[in-house]
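Report on the structure given below.
The values are calculated or read from the model by the stated rules, or taken from the named source; none is laboratory data. Fair warning: this is a prediction, and the values are worked out from it, not measured in the lab. Every residue, glycine among them, receives a Cβ derived from its backbone with ideal geometry; neighbour counts consider all protein chains shown.
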């Protein structure tokens, strides 16, 4: 298990190495460390601008080799967002290290959690929060698939769909309360009177009755949050959503 001292040492070494890499035009600490919210379990989040986009593959390759050779990386994966490549490493110590690379023109603070530590950054608008309409749309889409999964007797798929539906409800609540709505970052900051009823949307057993119960609770939550932010849209969806969650459970 890594220590806070291990994390700080590795982060400092990576920043020092990046500042010396002439291919990089800027570097930033991102994530919880940039916001002053780092704790025992926080990972390392760093972002870098790449001056010559044609060299991005080369830069990724060199920094990947560094992580494996010097820091005992066990594996990595890439997450893409626009021109950004987030290369996420798992170290043997269980420390997660996220190294993000973007063309100089796109290297900018896309969220408040961005602290420039060397070089320069562009000025671009922050990535917007998910839209109300999009979250409500995902909510009813997952509701449709919950119903069909139950009817087909596919309990694991039904559990997946109803859990995803519940997550859209919580994300809508986050928007309403001015909290981060992506990746469940604001869920634990929601008031208990919001989250407590949705505990009944958790599936405790892989049985049709249990999942159907969770489905009804998630539907109630989706309608409540939809009414709070777009009463007209909620009114249009209400009858269809209630019909979905009241549908027969199938043969399971």
Whether any residue in segment 56-78 is farther than 19 Å from residue 14 by Cβ, surrounded by fewer than 18 Cβ atoms within 10 Å (Cβ to Cβ) and at pLDDT below 95 is what I want to check.
no
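Take residue 186 and tell me if it is in contact (Cβ under 8 Å) with a residue 12 or more places away in the chain and out of contact with any helix residue (DSSP H, G or I) (no Cβ under 9 Å at 6 or more places or on another chain). Please lay out each step first, then the result.
Details: in contact (Cβ under 8 Å) with a residue 12 or more places away in the chain: yes; out of contact with any helix residue (DSSP H, G or I) (no Cβ under 9 Å at 6 or more places or on another chain): no.
Considered against the rule, which asks whether it is in contact (Cβ under 8 Å) with a residue 12 or more places away in the chain and out of contact with any helix residue (DSSP H, G or I) (no Cβ under 9 Å at 6 or more places or on another chain), residue 186 comes out as no.
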In segment 136-159, the residues that are surrounded by fewer than 16 Cβ atoms within 10 Å (Cβ to Cβ) and over 18 Å from residue 206 (Cα atoms)
137, 141, 144
Among the listed residues 222, 242, 233, which satisfies the condition of being surrounded by 19 or more Cβ atoms within 10 Å (Cβ to Cβ), on the phi < 0 side of the Ramachandran plot and assigned to a helix (DSSP H, G or I)?
222
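From the list 49, 27, 31, pick out the single residue that is assigned by TED's automatic domain parsing to the domain that holds residue 98, under 24 Å from the mean Cα position of the chain (by Cα), surrounded by 15 or more Cβ atoms within 10 Å (Cβ to Cβ) and on the phi > 0 side of the Ramachandran plot.
On the way: 49 fails: on the phi > 0 side of the Ramachandran plot; 27 fails: on the phi > 0 side of the Ramachandran plot.
None of the other options fit; the residue is 31.
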